[in-house]
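Here's the structure we're looking at; comments come further down.
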Amino acid sequence: MGFHDLVRTEQSLLARCGTAYFTERLGALTDAELGEPTLLQGWTRRHLVAHVSYNAVALGNLLDWAATGNETPMYTSPEQRGRDIEEGATMSPAALRNLFDHTVARLDEKWRNLPDAAWDAKVFTVHGRSVPAVETLWMRSREVWIHTVDLANGGRFDVFPDVIAQSLLDDVVGIWRKRDVGTGLAFRIDDRPPVAVQPESPTGTTITGSLAAVTRWATGRGAIGITTTGPAVAVPSWL
């Protein structure tokens, strides 16, 4: 079962649990540690907190669009999105933490107040994909669960709910298939049958491990707890 097979209340709970996990790890950082690197090249924790905060604002824009019918894109432009993150990274620690708390609360409020009929309203993601507003629950879940690990202060894939880890892996594989990358690559999770990224191509390399370990590798967060059978391969990008 994947995230999209769940009822909306269960999806909402997973999004909120992911936010709580990010909040916990953020709270464990001192102000000085906010300036240290993350797992994302070129970004400090300041950048990452600003990014996660402004992502909440962007998803709130989609909920406004769904509620009113007035087109409200996630971001005015890619350039503005980048500037917001860079400027957010220069905030004082107190202001940055307040930005995170405020944007999280505002997004949660918009979810709670969205009329039932609006959850099916079509909106467009930053990549131009048409989705129902309910998709914002998965978009936010993916964001907060993965970026908790990216904070690099103890966040772990093996504490993710299985449905989150499996849905992340499904997302990655789905994107690779659309881009026609990952040919010859297969995943074997514990004792399950292997899953080929490109099913019509022969398998050359198999990545084996727990669901958490395979998802960590596939999302580009490190080869921990996996076994590689066949030639070593680079992890294709997915976002």
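The values are calculated or read from the model by the stated rules, or taken from the named source; none is laboratory data. Just so it is clear, the structure is predicted and the values come from calculations on it, not from any experiment. Cβ: placed from backbone, ideal geometry, glycine included. Neighbour counts: every protein chain shown.
Some points to look at:
- Any hit, the stretch 156-165, residues being small (Gly, Ala, Ser) and surrounded by fewer than 19 Cβ atoms within 10 Å (Cβ to Cβ): no
- Candidates are the residues of the stretch 44-78 that are closer than 16 Å to Pro93 by Cβ and of a type in the set (A, V, I, L, M, F, W, C); the one that is surrounded by the most Cβ atoms within 10 Å (Cβ to Cβ) is Val49.
- Residue within the stretch 199-216 that is touching a residue at least 60 places away in the same chain (Cβ under 8 Å) and either surrounded by 14 or more Cβ atoms within 10 Å (Cβ to Cβ) or at negative phi (or both) present: yes
- Single residue of Ala58, Ala89, Ala50, Ala118 found to be closer than 19 Å to Arg8 by Cα, touching a residue at least 40 places away in the same chain (Cβ under 8 Å) and of a type outside the set (S, T, N, Q): Ala118
- Of the residues Arg46, Arg81, the single one that is modelled with pLDDT of 95 or more, in a helix (DSSP H, G or I) and not β-branched (Val, Ile, Thr) is Arg46.
- Among the residues making up the stretch 84-99, those that are part of a helix (DSSP H, G or I) and buried (at least 18 other Cβ atoms within 10 Å of the Cβ) are Asp84, Ile85, Gly88, Leu96, Arg97, Leu99.
- Test: residue in the stretch 76-99 that is hydrophobic (A, V, I, L, M, F, W, C) and over 26 Å from Pro37 (Cβ atoms): no
- Boolean, His102 is at pLDDT 95 or above and either surrounded by fewer than 16 Cβ atoms within 10 Å (Cβ to Cβ) or assigned by TED's automatic domain parsing to the domain that holds Ile164 (or both): yes
- With respect to (1) among the polar types (S, T, N, Q); (2) farther than 25 Å from Arg46 by Cα; (3) touching a residue at least 12 places away in the same chain (Cβ under 8 Å), the lone exception for Thr125 is condition (2).
- Options Ala58, Ala89, Ala66; residue that is within 14 Å of Glu135 (Cα to Cα) and touching a Leu at 6+ places or on another chain (Cβ under 9 Å): Ala66
- Some residue of the stretch 120-140 being surrounded by 16 or more Cβ atoms within 10 Å (Cβ to Cβ), hydrophobic (A, V, I, L, M, F, W, C) and over 21 Å from Asp171 (Cβ atoms): yes
- Meeting the requirement of 2 or more residues that are farther than 24 Å from Val104 by Cβ and within 14 Å of the chain's Cα centre (by Cα), the helices (runs of 4 or more DSSP H) wholly within the stretch 119-230 are 162-179, 211-218.
- Count of residues meeting criterion [modelled with pLDDT of 95 or more and either farther than 24 Å from Leu40 by Cβ or of a type outside the set (D, E, K, R) (or both)] in the stretch 199-219: 14
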